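Read the structure below first, then the notes.
Any read-out appearing in this document is the output of simple, stated calculations on the displayed coordinates, not a laboratory observation. Small disclaimer: the values here were computed from a predicted structure and weren't measured. Methodologically, a virtual Cβ is constructed for each residue, glycine included, from the backbone with ideal geometry; neighbour enumeration extends over all protein chains shown.
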Amino acid sequence: MFITAGEKLDPKYKKWAWDRASLILERKKQLGRYFFSPQTPMEDPSLFRGLAGIGYQLLRIQNPQKFPSLLLLE
């Protein structure tokens, strides 16, 4: 959502998405795995709240033209 908002409304939203992705990658370095939130006791493989979603969004941040927004049904 913030990637699209950054492209269509204001670049500050895209920067926020990059900053958030950096935090997620840093947490992965510290804890050894990806989490939607630190309170999640186990890994979730699902798309919207799990590993698949985290991976898709990291790909989308790198190349939003190649990976469309699933929420917008692009």
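Quick notes on this one:
- In Hz, Karplus ³J(HN,Hα) per residue of segment 14-26 (6.51, -1.76, 1.60; θ = phi - 60°; x = Gly, Pro): 5, 4, 4, 4, 5, 4, 5, 4, 4, 5, 5, 5, 5
- Each peptide among 26-34, 6-14, 52-60 gets the average number of other Cβ atoms lying within 10 Å of its residues, and from highest to lowest they stand as 52-60, 6-14, 26-34.
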